[in-house]
Amino acid sequence: MNSPRPISVVSTFASSSSPNDSTRKPLSLWPGMYHSPVTTALWEARSSIFESLLDPPKDAPPQSELLTRTPSHSRTTIFYPFSSDFILREQYRDPWNEVRIGILLEDLDALAGTISVKHCSDDDSTTRPLLLVTASVHKIVLKKPICVDNDLKIVASVIWVGRSSIEIQLEVMQSEFKDVKPSSDSVALTANFIFVARDSKTGKASPINRLSPETELEKHLFEEAEARNNLRKKKRGGERREFDHGEYKKLEALLAKGRIFSDMPALADRNSILLKDTSLDNSLICQPQQRNIHGRIFGGFLMHRAFELAFSTAYTFAGLVPHFLEVDHIDFLRPVDVGDFLRFKSCVLYTQLDKLDCPLINIEVVAHVTSPEIRSSEVSNTFYFKFTVRPEAKARNNEFKLRNVVPATEEEARHMLERMDAEALNSSKQQG
């Protein structure tokens, strides 16, 4: 099967609608669309799918028969002509002449959502469409800096399907040089998104089309994703894990360091800092312009805002410009609606200082939906980011040294150890 033609991204300042297409409503008039260069390009390429979601037939029945799709059915490539489109390049440029990671996170979520919709669609305009929402992000890893002067492409496809959940893998590719087409050996970033399907009328979990991997690579990716899904199910108990004797000793050692700050602050280690003293926060009211096609706040927007706060937290902690490495995990625990009062709180959870050339800063960001009228606050999202310090910034400061982070309470100490264990488990699986 021939690969589908890449979807080319253009600046949102350019007109992407055909002047002769008078029957189609302009993109800017459709409700529930978060606008960016990528969402605009995806809309133009997949308008028939989106229109059925925006204007479903009344009292339509659910899909009666599940289909079997191949990964190639919904595989999509989008192309950023940064080398030739100056305006597009400026929309993505950060202060270090690289692509803004926060905006790229929005694009990844938009593309993954589009692919999940395409896979789950039955191509029948008389049935009611499914509601597909981002459930979690397994991992996003930056393998090399992404220059904003060179062309970029993202290739994404379905790699696994369960009963009502679907996993999308995305690869961001870029050549080292201008005017050279990105190739398979130039992967700059990888990401895995998990979506869940809900019946748009009842809100209950809904079965989705099956997946039939064809190539050996597709079968391998399916098996890996199946193993991750089984592991996620085991972790859903919600009960606090009991520590063994060795872990209790680690817990006590962490708390002992923290107690010195409260009991004998003058004698506290100057190379350490309390976790609570690394925190930052910000708040916002969620606006209609930030909603997705289903009327909820776009997951990519939440990821972007969380990334910006995490970056700022790492910057104020290190005292030098940070360099993003990866998103370890993101949970979407509850939907965020238009008008919600959203609060983001961040902290440096722990540091890893064993590698002097690449010290690591692990940031946690928690998003709360707060309702002042009823005095409630619920966690909607948790984000875990990993940063180091930009090499050129560190080279200009020979005395640079990161501090250790220590807990002040048992709850903080437990949380730090749980995240350290999760990180060690992920690392051992990657090496294995």
Built amide H within the under 5 Å cut-off of ASN292, gap 5+: ILE297, PHE298
Tensor-based shape of segment 193-329 (alpha-carbon gyration tensor, a/c under 1.5 rounded, otherwise prolate or oblate): prolate
Built amide H within the under 5 Å cut-off of LEU189, gap 5+: LYS143, VAL172
Additional length obtainable on full extension of the chain from TYR315 to SER64, 0.36 nm per residue less Cα span: 85.1 nm
Potential lengthening between LEU356 and GLU411 on full extension [0.36 nm per residue; Cα-Cα distance subtracted]: 16.9 nm
Backbone HN-Hα couplings from phi across segment 287-302 [Karplus 6.51/-1.76/1.60, Hz, Gly and Pro as x]: 9, x, 5, 9, 8, 9, 5, 9, x, 9, 5, 4, x, x, 5, 5
Under the Karplus curve 6.51 cos²θ - 1.76 cosθ + 1.60, θ = phi - 60°, whole-Hz ³J(HN,Hα) for segment 409-421, x wherever Gly or Pro sits: 10, 5, 4, 5, 5, 4, 5, 4, 5, 4, 5, 4, 5
When each of LYS355/LYS386; LYS118/LYS219; LYS139/LYS386 is checked by Cα-Cα distance, pairs over 18 Å: LYS118/LYS219
Under-5 Å amide H pairs with SER272, H placed in peptide plane, nonlocal only: ASN404
Gyration tensor (alpha-carbon) shape descriptor, segment 286-432, a/c threshold 1.5: prolate
Extension reserve of the ASN404-GLU216 stretch, reckoned as 0.36 nm per residue once the Cα distance is removed: 63.2 nm
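Every read-out reported here was derived from the displayed coordinates using simple, explicitly stated rules and does not represent laboratory data. Since we're looking at a predicted model, the values are computed, not measured.
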